[in-house]
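Asker: Quick one: this structure, given as structure tokens, is what I'll be asking you about.
The values are calculated or read from the model by the stated rules, or taken from the named source; none is laboratory data. Everything numeric here is computed off the predicted structure, so don't read it as measured data. For neighbour counting, all protein chains shown are included, and Cβ atoms are generated from backbone atoms with ideal geometry for every residue, glycine included. These accessible areas exclude ligands, DNA and RNA; they are computed on the full protein's heavy atoms, side chains included. Shrake-Rupley method; radii C 1.70, N 1.55, O 1.52, S 1.80 Å.
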Amino acid sequence: MNNWHKKAVNAKEIHELCNKFDLEKKFQDKANAQILASIFARRGITQGKDILYFLEDDLRFQHNPFCFSNMEDAVERILQARDDGEKILIFGDKDVDGITSTTILYEQLKKMGIDVQWRLPVADDAYGLSIQAVDDFAAQDGTLIITVDCGISNFEEIKHANDLGIEVIITDHHNPPEQLPEAIIIVDPKTEDALYPFKDISGAAVAYKLVSALRFSQTDFYNDECCLFSISENTEEKCFEIDCLKIRNLVKVKAIHEKIIPGRTSIYDLKFPYFLQGSLIYCWDAALAKKTLGELFGSGIEFNLTDFRSVAGGIFAPLKTKSEDDLKNLSVLGKYFDNENSAINAFYNLYVTCCKRINATKHPDFEKDEQKDLQLVALAAMADIMPMKDENRIFVKNGIASIKKNGPRQGLAELFATLNINLGALTSTDLSWSIIPALNAAGRMGQSNLALELMISENPREREQIAKKIYELNEERKELVSQAFFKIHDSAQANTQENGGNLCIVADESINKGVTGILAARLMQEFNIPAIALTFCDDICVGSMRSCRGLVATSFLDNFGNFFINHGGHDCAAGFSFHREKFDEFLQKAKELSQNITLETDSELTEIDAEIPASYMTPEIIKIVDIFEPYGAENKELTFATNTIPVDSATVVGKKTPPHLKLSFDCGKYKFPAMYWSQGERFQKDIFIGEKYNILYNMNRNYFNGVSTNQIIILDLQSGLNS
């Protein structure tokens with residue numbers, strides 16, 4: 001095991017984090033609050049905008065879909081297609097992200113009464129929209145294609161669609177090329193003009209945002225523009241301050257702030273009357289605001305203000321007696337964002353919350369559909385290895401919570417049953433190791449349609465049969481990967497040396513096209529360098545790249561210029577294809593590029609998130625672990641250390657060699673169970689009952705016969721005699 005290392009943290013910073021974010025209140029325990037604050041500090045999670053997504057999981061904190069600059073245009077074009085009876089084709093990808101994206105949008109458009117069909121790449125079809133798909137749709141007199149989880153690199157295919165009179169809306173999340181396709185609308189958080197506040201969401205999340213916007217278009221607030229107005233006295237500067245905020249689709253559009261010095265500032269010197277002109281104006285306390293304005297400018301000038309406190313009080317009764325200043329203290333977002341801690345922003349946040357509550361009351365089916373969607377968005381976030389930060393945490397938390405509370409949605413329910421998934425014990429890790437590989441297997445084995453049909457079929461018996469077929473495909477996929485890895489391992493080692501230890505490339509006719517991504521990932525893990533796996537489909541070479549240690553996969557492939565038929569992907573994963581005759585040229589170019597690759601150096605230290613004294617190891621400590629769930633990219637599992645803790649009991653378990661060691665540690669009031677995998681042979685050699693040890697470990701819950709027990713998983717154990 002590597003050396004253990006615990007970053008030093010500043011006691012003042014810990015104290016400030018505890019106070020600012022009310023951590024002690026969350027635990028009702030000062031010690032655990034300080035441990036949590038120290039973990040935040042060591043991981044560099046110290047800004048409210050980041051901490052928010054660890055401490056809160058309400059869907060209110062996800063970003064508004066209309067933050068996308070082109071979202072309203074996309075909604076309007078789809079509504080036009082519905083009203084005009086147009087045919088729409090949804091074209092997705094064959095992996096989990098593409099399947100879930102297609103499902104989410106297809107179900108919503110179908111529910112809206114739109115003539116909609118779907119298509120995914122199958123068999124040897126290349127990634128992304130194809131000329132054949134466009135031609136087939138044109139033959140049906142189709143007029144609108146919506147891509148999901150693809151399209152941003154399909155320049156030629158979209159140009160062909162345009163030539164045939166078919167318009168294309170791209171919804172994607174992949175890194176955009178330098179020249180964008182000529183689609184009528186592009187909704188991709190990674191494009192320069194997207195304006196979306198968080199770029200690293202999945203394709204399914206982008207589709208979900210579009211669907212959320214479409215649902216919102218069916219409410220009274222769609223395209224409704226209003227202004228929020230606030231006036232307050234600043235006694236220090238002896239003036240009054242006016243804030244006006246213009247809102248459209250619940251998004252801030254424009255704001256102004258002005259100061260009024262009584263007796264010196266004329267109404268004609270101010271911009272706010274023109275700003276408010278023609279708008280519905282909401283004020284928290286209209287009577288008080290009108291009185292103040294009358295005293296400042298005289299009774300001859302009137303403002304048509306609508307009182308919002310009465311509206312909010314009808315939804316949240318305690319608000320009936322609250323002043324505008326009180327709103328700042330009630331605002332949850334105000335705790336995390338300093339700029340949100342103003343009267344006008346607190347007012348805005350409450351306005352949005354009230355509108356959402358009104359919509360939920362009028363359209364209860366929206367919430368049910370949203371919960372179904374979130375189950376799929378959660379899967380996509382983990383399948384595409386999206387960073388577990390910002391709203392991705394909201395998606396995954398709520399998706400898993402929905403599965404546990406409401407049961408898996410159709411399709412997932414049958415797959416959960418086939419795979420014998422325990423819902424009570426369900427975690428993000430379980431989904432990553434079971435459901436996601438199974439769903440991916442359908443696409444990898446050339447039968448992506450199966451996975452989508454599993455999700456949208458209305459026939460329970462058919463869904464059960466499809467789930468069993470997907471299980472069989474996944475078993476077949478595992479065998480193919482195992483065989484391929486065994487066959488190419490030696491050549492992979494040799495190629496790694498040829499490329500200066502910076503890049504691994506393998507190519508073999510026998511590699512199934514569907515497992516190149518998995519194979520590249522395994523090679524990357526084996527050699528800890530970026531890896532590429534290639535196979536051949538007739539005259540086309542198809543490859544997948546998985547990258548690590550700071551090398552951006554798409555940037556590496558961009559160095560090949562116009563070499564590829566197509567290519568695209570993310571920072572850590574990409575796919576490509578080229579003509580077989582260029583194979584030797586590809587290897588030579590890759591070798592040349594590999595000489596200039598500079599990979600980040602992996603630390604030899606094992607970073608400790610927190611050192612926990614044995615006396616602090618109570619059942620409450622697991623709450624800290626829960627806060628950091630879901631784990632994943634950019635949010636690895638917490639690693640703890642405890643020193644000089646005595647072993648209370650030990651048992652060697654497991655029939656395989658080497659056996660495991662089941663331990664129990666004496667923490668004073670509590671005995672904490674632990675597992676030390678594959679270390680059973682150390683019992684009575686250097687691990688003894690009654691002796692004290694320093695331990696490095698993760699912590700989780702163990703579920704057995706319906707009972708949940710906290711346990712630790714030992715990563716390293718050292719003698720504690722010298723501590």
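Asker: Which residues, taken from the stretch 221-277, are more than 19 Å from residue 348 (Cα to Cα), among the aliphatic types (A, V, I, L, M) and either in contact with a helix residue (DSSP H, G or I) (Cβ under 7 Å, 6 or more places away or on another chain) or surrounded by 17 or more Cβ atoms within 10 Å (Cβ to Cβ) (or both)?
Answerer: Passing the criteria: 260, 267.
Asker: Give the number of residues within the stretch 654-665 that are in contact with a helix residue (DSSP H, G or I) (Cβ under 9 Å, 6 or more places away or on another chain) and either over 25 Å from residue 618 (Cα atoms) or open to solvent by less than 20 Å² (accessible area, probe 1.4 Å) (or both). If you could, list the steps in order and put the result at the bottom.
Answerer: Kept after step one, since they are in contact with a helix residue (DSSP H, G or I) (Cβ under 9 Å, 6 or more places away or on another chain), are these residues of the stretch 654-665: 654, 657-662, 665.
Next, from what is left, pick out any that are either over 25 Å from residue 618 (Cα atoms) or open to solvent by less than 20 Å² (accessible area, probe 1.4 Å) (or both): 654, 657-659, 661, 665.
The qualifying residues number 6.
Asker: Go over the candidates 468, 389 one by one and state the one that is open to solvent by 70 Å² or more (accessible area, probe 1.4 Å), over 27 Å from residue 570 (Cα atoms) and of a type outside the set (A, V, I, L, M, F, W, C). It would help to see each step written out before you state the result.
Answerer: On the way: 389 fails: over 27 Å from residue 570 (Cα atoms).
That would be 468, the only listed residue that is open to solvent by 70 Å² or more (accessible area, probe 1.4 Å), over 27 Å from residue 570 (Cα atoms) and of a type outside the set (A, V, I, L, M, F, W, C).
Asker: Please verify whether the stretch 364-384 includes one or more residues that are within 30 Å of residue 546 (Cβ to Cβ), in a helix (DSSP H, G or I) and either open to solvent by 10 Å² or more (accessible area, probe 1.4 Å) or touching a His at 6+ places or on another chain (Cβ under 9 Å) (or both).
Answerer: Within the stretch 364-384, the subset within 30 Å of residue 546 (Cβ to Cβ) is 373-384.
Filter again for in a helix (DSSP H, G or I), leaving 373-383.
Those left that are additionally either open to solvent by 10 Å² or more (accessible area, probe 1.4 Å) or touching a His at 6+ places or on another chain (Cβ under 9 Å) (or both): 382-383.
There is at least one residue in the stretch 364-384 that is within 30 Å of residue 546 (Cβ to Cβ), in a helix (DSSP H, G or I) and either open to solvent by 10 Å² or more (accessible area, probe 1.4 Å) or touching a His at 6+ places or on another chain (Cβ under 9 Å) (or both).
Asker: If you don't mind, another one. Could you tell me whether residue 75 is open to solvent by 10 Å² or more (accessible area, probe 1.4 Å), within 29 Å of residue 382 (Cβ to Cβ) and either outside any loop (DSSP other than H, G, I, E, B) or touching a Leu at 6+ places or on another chain (Cβ under 7 Å) (or both)? Lay out the reasoning, then the answer.
Answerer: Working: open to solvent by 10 Å² or more (accessible area, probe 1.4 Å): no; within 29 Å of residue 382 (Cβ to Cβ): yes; either outside any loop (DSSP other than H, G, I, E, B) or touching a Leu at 6+ places or on another chain (Cβ under 7 Å) (or both): yes.
Taking the combined requirement at face value, the residue does not satisfy it.
Asker: Here's something else I'd like to know. Condition first: crowded, with 18+ Cβ neighbours inside 10 Å, closer than 28 Å to residue 200 by Cα and in contact (Cβ under 8 Å) with a residue 40 or more places away in the chain. Now tell me which residues in the stretch 12-30 satisfy that.
Answerer: Passing the criteria: only 21.
Asker: Please pick out the residue among 507, 494, 521 that is open to solvent by 30 Å² or more (accessible area, probe 1.4 Å) and in contact with a strand residue (DSSP E or B) (Cβ under 6 Å, 6 or more places away or on another chain). Before you say what the answer is, go through the steps one by one.
Answerer: On the way: 494 fails: in contact with a strand residue (DSSP E or B) (Cβ under 6 Å, 6 or more places away or on another chain); 521 fails: open to solvent by 30 Å² or more (accessible area, probe 1.4 Å).
On inspection, the qualifying residue turns out to be 507.
Asker: Search the stretch 78-100 for residues being part of a loop (DSSP other than H, G, I, E, B) and out of contact with any strand residue (DSSP E or B) (no Cβ under 8 Å at 6 or more places or on another chain), and hand back the single one that is modelled with the highest pLDDT.
Answerer: The initial filter retains those residues of the stretch 78-100 that are part of a loop (DSSP other than H, G, I, E, B), namely 84-86, 92-95.
In the following step, the residues that additionally are out of contact with any strand residue (DSSP E or B) (no Cβ under 8 Å at 6 or more places or on another chain) were identified as 84, 94-95.
Values: 84: 97, 94: 92, 95: 93.
Among those that are part of a loop (DSSP other than H, G, I, E, B) and out of contact with any strand residue (DSSP E or B) (no Cβ under 8 Å at 6 or more places or on another chain), it is 84.
Asker: Could you list, in sequence order, the residues of the stretch 143-181 that are more than 30 Å from residue 381 (Cβ to Cβ) and open to solvent by 10 Å² or more (accessible area, probe 1.4 Å)? Break it down into steps so the answer makes sense when it comes.
Answerer: Step one: filter the stretch 143-181 for residues more than 30 Å from residue 381 (Cβ to Cβ), giving 143, 156, 159-160, 162-166.
If the condition is that a residue be more than 30 Å from residue 381 (Cβ to Cβ) and open to solvent by 10 Å² or more (accessible area, probe 1.4 Å), then 143, 156, 159, 160, 162, 163, 164, 165 are the ones that fit.
Asker: Within the stretch 24-45, track down each residue that is of a type outside the set (D, E, K, R), at pLDDT 90 or above and out of contact with any Phe, Trp or Tyr (no Cβ under 9 Å at 6 or more places or on another chain).
Answerer: 34, 38, 41, 44
Asker: Sticking with this one: Pairs needed: first member in the stretch 601-617, in contact (Cβ under 8 Å) with a residue 60 or more places away in the chain; second member anywhere, buried (at least 18 other Cβ atoms within 10 Å of the Cβ) and among the small types (Gly, Ala, Ser); C-beta distance under 7 Å; at least 6 residues apart or different chains.
Answerer: Listed by first residue and then by second, the contacts come to 608/641; 610/38; 611/641.
Asker: Among (1) modelled with pLDDT under 95; (2) out of contact with any Gly (no Cβ under 8 Å at 6 or more places or on another chain), where does residue 400 come up short?
Answerer: (1)
Asker: Continuing with the same structure: For the stretch 340-363, name all the residues that are polar (S, T, N, Q) and open to solvent by less than 30 Å² (accessible area, probe 1.4 Å).
Answerer: 345, 349, 359
Asker: Here's another thing I want to ask about it. Of everything in the stretch 31-62 that's among the hydroxyl-bearing types (Ser, Thr, Tyr) and farther than 24 Å from residue 617 by Cα, which residue is surrounded by the fewest Cβ atoms within 10 Å (Cβ to Cβ)? Full working, then the answer.
Answerer: Going residue by residue through the stretch 31-62, those that are among the hydroxyl-bearing types (Ser, Thr, Tyr) are 38, 46, 53.
Remaining after also requiring farther than 24 Å from residue 617 by Cα: 46, 53.
Values: 46: 14, 53: 22.
Per the criteria, the residue is 46.
Asker: Six or more apart or on different chains, Cβ atoms under 7 Å: show the pairs whose first residue is in the stretch 364-384 and modelled with pLDDT of 95 or more and whose second is acidic (Asp, Glu) and surrounded by fewer than 24 Cβ atoms within 10 Å (Cβ to Cβ).
Answerer: none
Asker: A further question follows. Counting only residues that are touching a Lys or Arg at 6+ places or on another chain (Cβ under 9 Å), give me the strands (runs of 3 or more DSSP E) lying completely in the stretch 600-710 with at least 3 of them. Full working, then the answer.
Answerer: On the way: elements: 605-607, 640-653, 660-666, 671-676, 692-704.
Counting at least 3 such residues, we get 640-653, 660-666, 671-676.
Asker: Still on this structure, please answer the following. Tell me whether the stretch 619-638 contains one or more residues that are of a type outside the set (D, E, K, R), within 16 Å of residue 697 (Cα to Cα), crowded, with 18+ Cβ neighbours inside 10 Å and without any contact (Cβ under 8 Å) to a residue 60 or more places away in the chain.
Answerer: Looking through the stretch 619-638, none of the residues is of a type outside the set (D, E, K, R), within 16 Å of residue 697 (Cα to Cα), crowded, with 18+ Cβ neighbours inside 10 Å and without any contact (Cβ under 8 Å) to a residue 60 or more places away in the chain.
Asker: Go through the stretch 536-559 and give me each residue that's farther than 14 Å from residue 596 by Cα, assigned to a loop (DSSP other than H, G, I, E, B) and within 20 Å of the chain's Cα centre (by Cα).
Answerer: 547, 548
Asker: Among 247, 242, which is the only one that is outside any helix (DSSP H, G or I) and closer than 24 Å to residue 61 by Cβ? Before you say what the answer is, go through the steps one by one.
Answerer: Numbers: 242 fails: closer than 24 Å to residue 61 by Cβ.
Checking each option against the conditions leaves just 247.
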